[in-house]
Amino acid sequence: MSARALLAAALLAVLLAACSTAPPGGGTGESVPAPPPKEQRRAQPPPAGGGQTLPPAVRGLVAKAASASAAGDNDRAADVLERAVRLAPDNAAVWQNLAVVRYRQDRCDQAIQLARRSSELTDDRRLMARNWRLIAACRRMNGDTEGASEAASRARELGGGQ
Amino acid sequence: MAARKRSKGGRGNGRRGRQRGPVARLLRRGLLLAVVLAVVAGAGWTWWLNQRVVAEFENRQWALPADVYARPLELYQGRALDAEAFARELAAADYQRVREPKTPGSYSRNGATFEVHRRAFRFPDGRAGERRIRVTFDGGRVARLRDADGNALDLFRLDPARIGSVYPGQRADREPMALSDMPRSLVAALLAVEDRRFTEHFGISPLAILRAAVANIRAGEIVQGGSTLTQQLVKNLFLSNERTLWRKANEAVMAMLLEWHYDKRTILETYLNEVYLGQDGDRAIHGFGLASRFYFGKPLERTDLAEQALLVAMVKGPSWYDPRRHPERARKRRDLVLDVMAEGGFADADAVARARKQPLGVHESPPEARTAYPAFMDLVRRDLSRDYRREDLNSDGLRIFTTLAPSVQYAAEQAVIRRTRDWKDDTQAAAVVVGVDTGEVEAVVGGRDPRFPGFNRALDAARPIGSLVKPAVYLTALERPGQYGLGSVIRDRPVTVQGADGQTWTPRNYDRERHGDVPLWAALAHSYNVPTVRLGLNLGLRAVADTLSRLGGSLPDTVYPSLLLGAVSYTPLEVAGVYETIATGGYETPLRAVRTVMTRDGAVLSRYPLTVERTVERVPMYLLRRAMQRVVREGTGRGVQRWLGAGPGVAGKTGTTDDLRDSWFAGFSADRLGVVWVGRDDNGRTGLTGATGALTVWAELFAALPYKPLNPRMPDGIEQVWIDPDTGRLASADCPDAVQLPYARGAEPDERAACARRGDAVQRAGAWLRGLVD
């Protein structure tokens, strides 16, 4: 119990660092922790979050979602992120987080839609690049290799780094 | 001979036998048959009673209704909400206003500052404990949000209003509780007063019956009942007040059968949840849990000794001892119950003495009926019935978390009530309000009397949508940027088409006038019929139908040109589904009334997640939305400015059908979509257009709601150009009457209007810049 609380606190700290200020550094700015092993065998999803200052009201929710997702409870993570979407529907980072969780829930069609929607809400190229990488991963999973490499090159053009 | 003799004798004997022997035999046989029949009938009757009572009991026993909750209110600094709306949300969630909010479920208010003591609540995404907070409103927003110690809070969620129970098959609803959750003193008082030998008897108490019979014979009428709790329960299960001997006998048999089948605890628990304790209009109040809410406005766990005694007092005759109508009588009986409790040692004498001094403590008016939101509950039931069998909804005591926003619902009801007041009695109305980004249904009004659970027009009145279909026509055009832009000129000259039955049809403009050549945006803004039909026929009916279907509209099997003017029937909810796609900027987002269903022990049973799918590309949708903003700025929808002011930050469309039978308005801000229908149930004329009818309800509603002005992000691939409205050609800022319109990049007209040919490139660039700033 206390170990779990510690973990949550640690994740929260990482997440706040990632989200509340500048976008995570060009490299491996993971703000939603790595997916459970099942997904790891497939393409690595791009990190979510960051890119846009999160309003204080949803900061805690995004952190909560991150730890739920890290604990493998993506249903709960999605619940919490939907709540965040209701509170901050114009925030591209929130939509992106939801897209990542949908990906982890094996709901690639929705992940793609949500990633597109996230990109429409921002001018942040890095965040857009992350969305394209997520789309690329989804297309790969759907067997659309051509679409995947197109999305990957869109991501590269935006220069988000990988 | 002998034979004759015998025969004679036989006959003689026979005659005698018929006179004596056979009659007796027949009688005997008949009697035997009667006895057998009686035994068989008795057994059969008993069997039948057994079936009935067991079925009915099981039905109640396992029929924990599903609790239905509104969406929980989220508070955070900057949230658009005013103090009045907040007070309304608190009232809907059954919060009591007090001086000092010491107990959960209470609040105090000082002007625009509230101190709220939240109840503990288990949300689908986690448990929230009870907590005290202080919130201040200013300028229609949450200005400050602090905890009890004065520390700033980022986010606070109120426990949601309970808006109803799903309990199909019964009019009455319940608030069932487990025996272990019932206050012990209440149960003790009940047994002391109603059935002291409950734990010993076998369903009936012959001694009690005998005592009652003696009393009744002495009085010459029925003055006393010897009923055990089990017998009373049977009576309650079948809801009959008939007091015949036959009825009593049946009840007695069924009571014994119940005792045969079930243990005392089960019977007692069912009794406590089932006993009739009052009437609220056509709603019967059953069970102590619901009665506590009904009389005291609080859950049974929070009642004190005096209140419990009053509830027990009412068992004897809820209308005779109705504490609202007959407070004196009720008080006398309550005190009697208290005395019995003291005598029997169920409560200590001091507590009883104190309780006797207390007033009845009954709320003056009953809280609003459990289903204060019949139209919305109807939608919830239908949504759930897609995934759950009726029995499951009955049986599992589910917790259903919905999307209803009580303060939005209130605003919608008030708008409908206030506006319909001015119209004839048979003019009806319906309204649906949806959160744009999520597709969550925030409010449903099913008629001009929103609390009346009758015909739900929002869900069931499918009516021709008239001009509400036009955005689908214009969107189809705007999806072909090479051919059409907002400034493209359409001819407003009569057109004749083949109708459904081979007859010709010549649509006319609503104002019966011809407007010459009109730009596309103006034809939509002013809802001209003739240019719309021309445009639609050029585009092709199939293309328009396809667009309508991508927006989420259903299509008839065969489409005729009359579709272009809205000869397709939708309910207000279906219209909301179509306009939701427009409001989101091209994402089809299925409307939802339910977020989550949980079991009583806290597991999430099903989720109804947000799903979005882009079905219309951004650029054409942006252009359409800009044209729809013109509808309310200068077109048929400009009336909303009387409520919302100039530059109202909304977009919408009016709709009127033939002979003024249906009046529609569908409109949206950045965050809310509202659809209103006004018309008559018999499809008669109302004398109202979209603009004089439904629009006024919609505008009244949006004027009462906080909403975020519509200011869509301009997508890549759009540029602002000056257009000469007469020719649809490229103009410049200094051209007289030139209008600035967004165009898909690269799709602006090639030809220049006369005035623009003089202009140089620098000037054009300047105008373009000005347009951006505009």
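The values are calculated or read from the model by the stated rules, or taken from the named source; none is laboratory data. Quick caveat, the model's predicted, so the values are computed rather than measured. We place every Cβ from the backbone using ideal geometry, glycine too, and count neighbours over all the protein chains shown. Areas reflect the complete protein model, heavy atoms only, side chains present, ligands, DNA and RNA absent. Shrake-Rupley method; radii C 1.70, N 1.55, O 1.52, S 1.80 Å.
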Against the rule of thumb 2.2 N^0.38 Å, how large the Cα Rg of the protein assembly as shown comes out: 1.21
B:PHE238-B:ASP94 pseudo-label distance in nm [points 7 Å out on the Cα-to-Cβ vector]: 3.3 nm
Contour minus Cα-Cα span, B:ALA38 to B:ASP517, at 0.36 nm per residue, comes to 163.2 nm
At a Förster radius of 25 Å, what calculated FRET efficiency corresponds to the Cβ-Cβ distance of B:PHE455 and B:ASP425, to the nearest 0.05? 0.95
If you add up the charges near A:ARG156, with Lys and Arg at +1 and Asp and Glu at -1, over every other residue whose beta carbon is less than 13 angstrom from its beta carbon, what do you get? +3
Enumerate by residue number the trypsin sites (Lys or Arg not before Pro) in region B:19-125 meeting two conditions: DSSP loop (anything except H, G, I, E, B), and at most 15 other Cβ atoms within 10 Å of the site's Cβ. B:ARG20, B:ARG99, B:LYS102
Burial of 50 Å² or greater, region A:53-71 residues [accessible area, probe 1.4 Å, versus chain by itself]: A:ALA57
What does the extension gain come out to for B:ASP149 and B:LEU245, with contour length at 0.36 nm per residue minus their alpha carbon separation? 27.9 nm
Between B:SER549 and A:THR145, what FRET efficiency follows from the Cβ-Cβ distance if R0 is 35 Å, with the result rounded to 0.05? 0.65
In region B:86-135, what residues drop by 40 Å² or more of accessible area when the other protein chains are put back, versus the chain on its own? Use 1.4 Å, and skip ligands and nucleic acids. B:ASP125
Please report the net charge: other residues with Cβ closer than 14 Å to the Cβ of B:GLY111, K and R +1, D and E -1. 0
Å³ per residue of the Cα convex hull, for region B:72-159? 89 Å³
Run the quick spin-label model on A:ASP73 and B:ASP681: label points 7 Å from Cα toward the beta carbon, then report their separation in nm to one decimal. 4.8 nm
Quick one: length gained pulling B:ASP304 to B:LEU336 fully straight, 0.36 nm per residue minus the C-alpha distance? 9.9 nm
Note on region B:599-639: residues buried by at least 10 Å² of accessible area once partner chains are added (vs chain on its own, 1.4 Å probe) come out as B:ARG607, B:PRO609, B:LEU610, B:THR611, B:VAL612, B:GLU613, B:ARG614, B:GLU617, B:ARG618
For chain B, Rg(Cα) over 2.2 N^0.38 Å is 1.30
Expressed as cubic angstrom per residue, what is the convex hull volume of the alpha carbon set of region B:179-357? 126 Å³
Nitroxide proxy distance, nm - points 7 Å out along Cα→Cβ at B:THR266 and B:ALA55: 1.8 nm
For region B:72-159, dividing by residue count, accessible area per residue (probe 1.4 Å) in Å² works out to 47 Å²
If you split all Cα-Cα distances of region B:400-549 into 10 Å bins from zero, what percentages do you get per bin, shortest first? 10, 28, 25, 26, 11, 1
I need to check one value: relative contact order of chain B, counting alpha carbon pairs closer than 8 Å and at least 6 residues apart, in percent. 10 percent
Efficiency of FRET from Cβ geometry, B:LYS316 and B:GLU343, R₀ 30 Å, rounded to 0.05: 0.95
Tally up the carbon and sulfur contribution to the accessible surface of the protein assembly as shown as a whole percent, 1.4 Å probe, everything protein left in place. 51 percent
What does the accessible area per residue of region B:179-357 come to in Å², with a 1.4 Å probe and no ligands, DNA or RNA counted? 48 Å²
For the interface of chains A and B, what total accessible area is buried with a 1.4 Å probe, rounded to the nearest 100 Å²? 2500 Å²
